[in-house]
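Right, one structure below, let's go through it.
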Amino acid sequence: MKFSEMPYTRPDLEKFREESGKVLEKLRAAATAEEQIEAYLAYEEQGKQLNTACSIAYVRHTIDTRDEFYEKESDYIDQISPAIQELDQKVNLALLESKFRPQLEERFGKLLFRNLEISVRCMKPEIMELMQEENRLTSEYQKLYASAVVEWQGETLPLPKLGPFLQSPDRAVRKAACETNGRWFDAHREELDELYDKLVKNRTAQGKAMGYANYIPLGYDRLGRNCWGPEECAAFRDQIARDMVPLVAKVKADQAKRIGVDKLKFYDDALMFPDGNANPQGTPDDILAAGREMYHELSPETKEFIDFLYDGELLDVLSKEGKAPGGYCTDFAAYKAPFIFSNFNGTAGDVDVLTHEAGHAFAFYRSARKDYLSSLMSPTMEGCETHSMSMEFLTAPWHGKFFGPATRKYEIGHCESSLIFIPYGCMVDEFQHIMYEQPELTPAQRNEVWLNLEKKYRPWMDFEDLPFYSRGAGWQRQLHIYMSPFYYIDYCMAQTMAFQFWLASLENREEAWKKYLAFVDLGGTRTFEDLVRGAGMKLPYAAGCIREIGEKISRWIDENPL
């Protein structure tokens, strides 16, 4: 079924409450494990229908945040989602307390029950109002960001369309675009500060209500992390600061020489080459057509997937006024269909959508056809991001379809940009840990923390006197800090995994693809640690991992000049 044909009916909370109540009764009254299994599978199916309706409303709202109908539906879903989580928790508790648990573990696997134990720690009725307020605040931030338009060269543009000018070979244009971007955030300084302050205090209150000293343990639980915690995360960040920041500093010094500046300024950061970064050739339709060809040639599995995606209208990628910023992949479980959302802006990022977000979509497409339980459909977030970031590199032999004679430039830029990203992502993560360890910080103190972390993770960065950025508020551009606390480090860990798959593909592409496909096809039936070991890779936070990867990448960069 095409996306435009998918019907939407507002989720009926009372009906779902009634049906879940019936399931709960069956679970409690069951005389055999089979009866409980049957009841739980029925609840699974109800959940798929409900979640599909919620996803349809979310996608249609983000495609046009001015659409009053779907704005109201999105607000309604924000309001009822904590109640749905409470109903889920009751069912999960009944499974955890089952006298047939050994038989259930044999049928569904022990990992399901580990995950359920984590999920029941994520909420209780007393924090429902706080959760509803949190949803409202994040929606308010997203709507504010989506409303961002700026005056640029006589035109009114949505903020994402400044992207190409931030990469202009003309330094004056880059600086002007950066200033224009910063002025919008400065104009909304009070709103952005207030929203984040409310979110930190709200989440802190939730954490304390759940019995924690702060929000951090609850934040980790809400990401479903089932095999590593803050200690492993800190060990990973330490490796990045010690072993990768010096390597990136060298890459940035080479970039400065390449583009002909004595010292990199913040507005130089995105320009990798003096004549401009590699941009895709052709129109958005040409890019989409090239993407289809690429996946047809990559493997039989990706050919089947991309035809399903395109024929089903399961992507919306053009930037337009009123559209929410950023990009994501979601799914419509009832139709076993993924959906890709993005904002094309004429840069290489448009191609990254067809590799990164398509990596997510491909993983869901594969798992959905194996009929895993919903909670085992996908691994934890670092595993999901491994799907997407690895696909960016495994599609390298086809990048010429998009970039033509600029392909080599793109490959070098993509490698270096991926490397440069990791310290930034670690900075985002450490910033959030400090914010929730010290929720009483003022907006000015939060900005000071950010500037200090810049010195640790990006010592090459010079913000000059740029509006917004020079006062340390640049973190407010990062949607994840407001909307998905502690998620960002998953990208960093996944990037180290993507580098490992890429390095393996340079030695034997077919063998690397088999390992990747096996990683993807296990969905969430294994922990991240087990998935990594099963693929013959090293855990990102294992001692020495970052140094080894960094040395190999550094060697590739030296051996493959433009």
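The values are calculated or read from the model by the stated rules, or taken from the named source; none is laboratory data. All figures in this text were calculated on a predicted structure; none of them were measured in a lab. Note that we place each Cβ from the backbone using ideal geometry, even for glycine, and neighbour counts take in every protein chain shown. Side chains are part of the model used for accessible areas, which takes the heavy atoms of the whole protein and leaves out ligands, DNA and RNA. Shrake-Rupley method; radii C 1.70, N 1.55, O 1.52, S 1.80 Å.
Assorted remarks:
- The range 371-412 - Debye-derived log10 I(q)/I(0), Cα point model, q = 0.24 Å⁻¹: -0.79
- One way to sum up the overall shape of the range 376-453 is the equivalent ellipsoid from its Cα gyration tensor, whose semi-axes run 35, 19, 8 Å, largest first.
- For the chain, the share of DSSP beta bridges that are antiparallel, to the nearest 5, is 75%.
- Between Leu24, Ile412, Ser74, the Cα set farthest toward the positive side of the dipole of the chain (charges on each charged residue's Cβ, about the Cα centre) is that of Ile412.
- Net +/- balance of residues flanking Arg369 in space, Cβ distance below 13 Å, scoring K and R +1, D and E -1: -2
- Report note on the peptides 428-434, 503-509: ranked by the mean count of other C-beta atoms within 10 Å, highest first, their order is 428-434, 503-509.
- Shape of the range 195-319, Cα gyration tensor, a/c cut at 1.5: oblate
- Which listed pairs, of Lys257/Lys401; Lys72/Lys198; Lys250/Lys456; Lys175/Lys265, have C-alpha distances above 20 Å, in listed order: Lys257/Lys401; Lys72/Lys198
- Across the chain, Cα pairs under 8 Å and at least six residues apart give a relative contact order of 18 percent.
- Of the residues Lys198, Lys99, Lys48, Lys323, the one with the largest accessible area comes first in the ranking Lys99, Lys198, Lys48, Lys323, computed with a 1.4 Å probe on protein heavy atoms.
- Residues of the range 494-519 with amide N under 20 Å of the 7 Å Cα→Cβ point at Ser554: 495-504
- Rolling a 1.4 Å probe over the protein heavy atoms leaves Lys455 with an accessible area of roughly 140 Å².
- Between Lys22 and Leu144, the modelled labels are 4.5 nm apart [label points 7 Å from Cα along Cα→Cβ].
- Fraction of accessible area attributable to carbon and sulfur, the chain (%, probe 1.4 Å): 50 percent
- The range 1-83 - percent relative contact order, Cα under 8 Å, separation 6 or more: 29 percent
- 1.4 Å probe accessible area per residue over the chain, in Å²: 41 Å²
- When you restrict to C-alpha pairs under 8 Å that are six or more residues apart and normalise by the size of the range 139-209, the relative contact order lands at 23 percent.
- Placing dummy labels 7 Å off each Cα toward the beta-carbon, the span from Glu293 to Arg258 is 2.6 nm.
- Of [x] 76, 53, 48; [y] 70, 57, 42; [z] 88, 71, 47, the label for Cα extents along the principal axes in Å derived from the coordinates: [x]
- His399, His360, ranked by accessible area, largest first (probe 1.4 Å): His360, His399
- Amide H contacts for Val150 (H built 1.01 Å from N in the peptide plane; partners 5 or more residues away or on another chain; cut-off under 5 Å): Leu157, Leu159.
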